[in-house]
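The values are calculated or read from the model by the stated rules, or taken from the named source; none is laboratory data. Note that this is a predicted model, so its numbers are computed, not measured. Neighbour counts run over all protein chains shown; Cβ positions are idealised from the backbone, glycine included. Heavy atoms of the whole protein, side chains included, go into the accessibility calculation; ligands, DNA and RNA do not. Shrake-Rupley method; radii C 1.70, N 1.55, O 1.52, S 1.80 Å.
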Amino acid sequence: GAVVSQHPSRVICKSGTSVKIECRSLDFQATTMFWYRQFPKQSLMLMATSNEGSKATYEQGVEKDKFLINHASLTLSTLTVTSAHPEDSSFYICSARPGQGRYNEQFFGPGTRLTVL
Amino acid sequence: QQQVKQSPQSLIVQKGGIPIINCAYENTAFDYFPWYQQFPGKGPALLIAIRPDVSEKKEGRFTISFNKSAKQFSLHIMDSQPGDSATYFCAASIIPDKLIFGTGTRLQVFP
(Lines give C-alpha, C1' and ligand atoms only; values in the text may rest on other atoms or scores of the structure.)
Protein backbone atom coordinates (compact mmCIF):
# COMPACT_ATOMS: atom_id res chain seq x y z
CA GLY A 1 0.00 0.00 0.00
CA ALA A 2 0.84 3.74 0.11
CA VAL A 3 1.75 4.07 -3.56
CA VAL A 4 2.27 7.46 -5.16
CA SER A 5 2.60 7.88 -8.91
CA GLN A 6 3.90 10.76 -10.99
CA HIS A 7 3.38 11.54 -14.64
CA PRO A 8 5.31 12.06 -16.77
CA SER A 9 8.53 10.46 -15.57
CA ARG A 10 10.57 12.51 -18.02
CA VAL A 11 9.79 15.61 -20.02
CA ILE A 12 11.84 17.70 -22.39
CA CYS A 13 10.46 21.05 -23.44
CA LYS A 14 11.53 24.24 -25.15
CA SER A 15 12.25 27.39 -23.22
CA GLY A 16 9.13 29.47 -22.68
CA THR A 17 6.64 26.61 -22.67
CA SER A 18 4.66 25.38 -19.68
CA VAL A 19 4.84 21.88 -18.28
CA LYS A 20 2.33 20.12 -16.04
CA ILE A 21 3.33 17.29 -13.69
CA GLU A 22 0.70 15.11 -12.04
CA CYS A 23 0.99 13.42 -8.67
CA ARG A 24 -1.51 10.78 -7.61
CA SER A 25 -1.97 8.76 -4.46
CA LEU A 26 -3.17 5.40 -5.77
CA ASP A 27 -4.41 3.54 -2.71
CA PHE A 28 -5.02 6.18 -0.06
CA GLN A 29 -6.47 9.63 0.32
CA ALA A 30 -3.89 12.34 0.77
CA THR A 31 -5.03 15.32 2.75
CA THR A 32 -1.66 16.94 2.17
CA MET A 33 0.74 16.74 -0.73
CA PHE A 34 4.20 18.19 -1.00
CA TRP A 35 6.34 19.19 -3.97
CA TYR A 36 10.11 18.98 -3.83
CA ARG A 37 12.93 19.84 -6.16
CA GLN A 38 16.21 17.98 -6.12
CA PHE A 39 19.46 18.92 -7.83
CA PRO A 40 22.11 16.26 -8.57
CA LYS A 41 23.78 14.90 -5.44
CA GLN A 42 21.81 17.25 -3.22
CA SER A 43 19.06 16.89 -0.68
CA LEU A 44 15.38 17.48 -1.28
CA MET A 45 14.27 21.08 -1.30
CA LEU A 46 10.64 21.61 -0.32
CA MET A 47 8.90 23.93 -2.75
CA ALA A 48 5.35 23.97 -1.44
CA THR A 49 2.74 22.24 0.66
CA SER A 50 -0.77 21.80 -0.62
CA ASN A 51 -3.94 20.78 1.15
CA GLU A 52 -6.92 19.55 -0.78
CA GLY A 53 -9.26 22.35 -1.71
CA SER A 54 -7.09 25.19 -0.46
CA LYS A 55 -4.25 27.31 -1.79
CA ALA A 56 -0.74 25.95 -1.60
CA THR A 57 1.76 27.28 0.89
CA TYR A 58 5.04 28.10 -0.80
CA GLU A 59 8.46 28.04 0.82
CA GLN A 60 10.48 31.21 0.95
CA GLY A 61 12.13 31.99 -2.35
CA VAL A 62 9.80 29.85 -4.48
CA GLU A 63 7.90 31.87 -7.07
CA LYS A 64 4.23 31.00 -6.75
CA ASP A 65 3.40 32.48 -10.15
CA LYS A 66 6.01 30.31 -11.79
CA PHE A 67 5.24 27.06 -10.00
CA LEU A 68 1.47 26.70 -9.96
CA ILE A 69 0.13 24.01 -7.66
CA ASN A 70 -3.40 22.67 -7.69
CA HIS A 71 -4.70 20.06 -5.25
CA ALA A 72 -8.11 19.46 -6.71
CA SER A 73 -8.93 16.16 -5.01
CA LEU A 74 -7.74 13.90 -2.22
CA THR A 75 -5.76 11.82 -4.71
CA LEU A 76 -4.44 14.33 -7.22
CA SER A 77 -2.11 17.31 -7.12
CA THR A 78 -0.53 19.03 -10.11
CA LEU A 79 2.54 21.21 -10.48
CA THR A 80 2.70 23.47 -13.51
CA VAL A 81 6.02 25.06 -14.35
CA THR A 82 5.05 28.15 -16.34
CA SER A 83 7.31 29.70 -18.96
CA ALA A 84 10.03 27.20 -18.21
CA HIS A 85 13.67 28.17 -18.65
CA PRO A 86 16.85 26.06 -18.61
CA GLU A 87 17.47 26.92 -14.94
CA ASP A 88 14.17 25.16 -14.11
CA SER A 89 15.66 21.87 -15.29
CA SER A 90 15.65 19.59 -12.29
CA PHE A 91 14.19 16.47 -10.69
CA TYR A 92 10.74 17.21 -9.27
CA ILE A 93 9.32 14.85 -6.67
CA CYS A 94 5.95 14.88 -4.98
CA SER A 95 4.95 13.22 -1.76
CA ALA A 96 1.62 12.51 -0.17
CA ARG A 97 0.61 12.20 3.44
CA PRO A 98 -2.38 10.10 4.44
CA GLY A 99 -5.05 11.64 6.57
CA GLN A 100 -5.91 11.05 10.17
CA GLY A 101 -4.67 8.09 12.13
CA ARG A 102 -1.11 8.20 10.81
CA TYR A 103 2.00 9.82 12.19
CA ASN A 104 3.71 12.12 9.77
CA GLU A 105 4.57 9.59 7.10
CA GLN A 106 5.13 10.96 3.65
CA PHE A 107 5.17 8.63 0.69
CA PHE A 108 7.10 9.80 -2.32
CA GLY A 109 6.43 9.48 -6.01
CA PRO A 110 9.10 8.25 -8.43
CA GLY A 111 9.96 11.76 -9.58
CA THR A 112 9.83 13.67 -12.86
CA ARG A 113 12.98 14.68 -14.70
CA LEU A 114 12.41 18.04 -16.40
CA THR A 115 14.84 19.23 -19.04
CA VAL A 116 14.29 22.66 -20.56
CA LEU A 117 16.18 23.34 -23.76
CA GLN B 1 17.35 25.50 14.83
CA GLN B 2 15.40 23.88 12.05
CA GLN B 3 18.44 22.13 10.60
CA VAL B 4 19.24 18.45 10.67
CA LYS B 5 22.95 17.71 10.33
CA GLN B 6 23.83 14.40 8.69
CA SER B 7 27.17 12.61 8.51
CA PRO B 8 29.14 11.20 6.86
CA GLN B 9 28.60 12.56 3.38
CA SER B 10 29.70 9.26 1.87
CA LEU B 11 30.44 5.81 3.20
CA ILE B 12 32.06 2.74 1.69
CA VAL B 13 31.76 -0.67 3.31
CA GLN B 14 32.26 -4.26 2.31
CA LYS B 15 29.42 -6.72 2.06
CA GLY B 16 28.39 -7.89 5.50
CA GLY B 17 29.61 -4.72 7.20
CA ILE B 18 27.45 -2.47 9.37
CA PRO B 19 27.35 1.08 8.02
CA ILE B 20 26.21 3.70 10.51
CA ILE B 21 24.80 7.06 9.49
CA ASN B 22 24.36 9.78 12.06
CA CYS B 23 22.04 12.76 12.33
CA ALA B 24 21.86 15.55 14.88
CA TYR B 25 19.21 18.16 15.52
CA GLU B 26 18.69 21.22 17.70
CA ASN B 27 14.94 21.66 17.93
CA THR B 28 13.74 19.65 20.92
CA ALA B 29 10.17 19.98 19.68
CA PHE B 30 10.84 17.51 16.83
CA ASP B 31 8.78 14.40 17.47
CA TYR B 32 9.10 12.29 14.33
CA PHE B 33 12.34 11.01 12.82
CA PRO B 34 12.19 9.01 9.57
CA TRP B 35 14.90 7.60 7.34
CA TYR B 36 14.54 7.46 3.57
CA GLN B 37 16.44 5.45 0.96
CA GLN B 38 16.85 6.83 -2.53
CA PHE B 39 18.24 5.09 -5.60
CA PRO B 40 19.51 7.15 -8.55
CA GLY B 41 16.69 8.58 -10.62
CA LYS B 42 14.01 7.42 -8.18
CA GLY B 43 11.99 9.02 -5.44
CA PRO B 44 12.89 8.42 -1.79
CA ALA B 45 11.32 5.44 -0.06
CA LEU B 46 10.45 5.43 3.62
CA LEU B 47 12.66 2.87 5.39
CA ILE B 48 11.96 3.23 9.07
CA ALA B 49 10.86 5.94 11.48
CA ILE B 50 10.97 6.53 15.21
CA ARG B 51 9.23 8.70 17.80
CA PRO B 52 11.22 10.15 20.73
CA ASP B 53 9.52 7.94 23.32
CA VAL B 54 11.65 4.93 22.33
CA SER B 55 15.43 4.57 22.10
CA GLU B 56 15.63 1.93 19.40
CA LYS B 57 13.53 0.49 16.62
CA LYS B 58 14.33 -2.42 14.31
CA GLU B 59 12.78 -3.36 11.01
CA GLY B 60 14.52 -6.19 9.26
CA ARG B 61 18.19 -5.29 8.82
CA PHE B 62 17.58 -1.60 9.58
CA THR B 63 17.83 -0.20 13.10
CA ILE B 64 17.32 3.35 14.35
CA SER B 65 19.06 4.32 17.56
CA PHE B 66 17.72 7.45 19.22
CA ASN B 67 19.45 9.48 21.93
CA LYS B 68 17.06 12.15 23.14
CA SER B 69 19.47 13.81 25.57
CA ALA B 70 22.18 14.11 22.91
CA LYS B 71 19.64 15.10 20.26
CA GLN B 72 21.06 12.52 17.89
CA PHE B 73 19.74 9.55 15.98
CA SER B 74 21.42 7.06 13.73
CA LEU B 75 20.68 4.38 11.17
CA HIS B 76 22.46 1.04 11.32
CA ILE B 77 22.28 -1.40 8.41
CA MET B 78 23.07 -4.94 9.53
CA ASP B 79 24.69 -7.43 7.14
CA SER B 80 24.86 -4.82 4.38
CA GLN B 81 24.46 -5.96 0.79
CA PRO B 82 25.47 -4.43 -2.56
CA GLY B 83 21.76 -3.79 -3.16
CA ASP B 84 21.80 -1.40 -0.19
CA SER B 85 24.02 0.96 -2.18
CA ALA B 86 21.95 4.14 -2.31
CA THR B 87 21.67 7.59 -0.80
CA TYR B 88 20.13 7.74 2.66
CA PHE B 89 18.39 10.78 4.09
CA CYS B 90 17.39 11.38 7.67
CA ALA B 91 14.61 13.81 8.46
CA ALA B 92 12.80 15.34 11.40
CA SER B 93 9.53 17.09 11.93
CA ILE B 94 7.04 18.36 14.43
CA ILE B 95 3.91 16.39 13.62
CA PRO B 96 2.07 17.30 11.37
CA ASP B 97 4.44 19.87 9.92
CA LYS B 98 6.83 19.54 7.00
CA LEU B 99 9.87 17.28 7.09
CA ILE B 100 13.30 18.81 7.52
CA PHE B 101 15.80 16.69 5.61
CA GLY B 102 19.46 16.05 6.26
CA THR B 103 21.99 16.49 3.48
CA GLY B 104 22.17 12.80 2.59
CA THR B 105 24.76 10.02 2.80
CA ARG B 106 25.86 8.12 -0.27
CA LEU B 107 26.49 4.52 0.71
CA GLN B 108 28.45 2.08 -1.43
CA VAL B 109 28.58 -1.58 -0.45
CA PHE B 110 31.21 -3.59 -2.29
CA PRO B 111 30.93 -7.37 -2.77
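Cβ-Cβ contacts under 7 Å between residues 6 or more apart (or on different chains), taken from a first residue in the range B:30-42 that is surrounded by fewer than 22 Cβ atoms within 10 Å (Cβ to Cβ) to a second residue that is of a type in the set (K, R), are listed as B:D31/B:R51; B:Y32/B:R51.
For the residues B:R61, B:R51, the requirement of being open to solvent by 10 Å² or more (accessible area, probe 1.4 Å), under 24 Å from A:F34 (Cβ atoms), out of contact with any Gly (no Cβ under 9 Å at 6 or more places or on another chain) and not β-branched (V, I, T) singles out B:R51.
In the range A:58-77, is there at least one residue being without any contact (Cβ under 8 Å) to a residue 24 or more places away in the chain and β-branched (V, I, T)? For the range A:58-77, residues without any contact (Cβ under 8 Å) to a residue 24 or more places away in the chain and β-branched (V, I, T): present. Tell me, yes or no, whether the range B:78-95 has at least one residue that is within 11 Å of chain A (Cβ to nearest Cβ), in contact with a Phe, Trp or Tyr (Cβ under 7 Å, 6 or more places away or on another chain) and free of Cβ contacts under 8 Å to residues at least 40 places away in the same chain. Among the residues of the range B:78-95, not one is within 11 Å of chain A (Cβ to nearest Cβ), in contact with a Phe, Trp or Tyr (Cβ under 7 Å, 6 or more places away or on another chain) and free of Cβ contacts under 8 Å to residues at least 40 places away in the same chain, which makes the answer no. So is A:L79 open to solvent by less than 50 Å² (accessible area, probe 1.4 Å), more than 11 Å from chain B (Cβ to nearest Cβ) and either closer than 21 Å to B:Q38 by Cβ or modelled with pLDDT of 95 or more (or both) or not? In short, yes.
Taken over the range B:1-23, the criterion of being over 16 Å from A:S43 (Cα atoms), aliphatic (A, V, I, L, M) and in a strand (DSSP E or B) is satisfied by B:L11, B:I12, B:V13, B:I20. Residues of the range A:84-117 that are outside any strand (DSSP E or B) and open to solvent by 50 Å² or more (accessible area, probe 1.4 Å): A:H85, A:P86, A:E87, A:Q100, A:G101, A:R102, A:Y103, A:P110, A:L117. Restricting attention to the range B:84-102, does a residue exist that is more than 26 Å from A:M33 (Cβ to Cβ) and at pLDDT 95 or above? Yes - at least one qualifying residue is present in the range B:84-102.
So is B:Q6 open to solvent by less than 30 Å² (accessible area, probe 1.4 Å), within 30 Å of A:T32 (Cα to Cα), out of contact with any Pro (no Cβ under 6 Å at 6 or more places or on another chain) and not small (G, A, S) or not? So B:Q6 fits the description; yes. The sole residue among A:S73, A:S95, A:S50 that is at pLDDT below 95 and within 14 Å of chain B (Cβ to nearest Cβ) is A:S50. Across the range B:73-111, the qualifying residues are those that are of a type in the set (S, T, Y) and open to solvent by less than 10 Å² (accessible area, probe 1.4 Å), and the one among them that is farthest from A:L44 (Cα to Cα) is B:S80.
In the set (1) more than 14 Å from B:I94 (Cα to Cα); (2) within 13 Å of the chain's Cα centre (by Cα), the condition left unmet by B:P34 is number (1).
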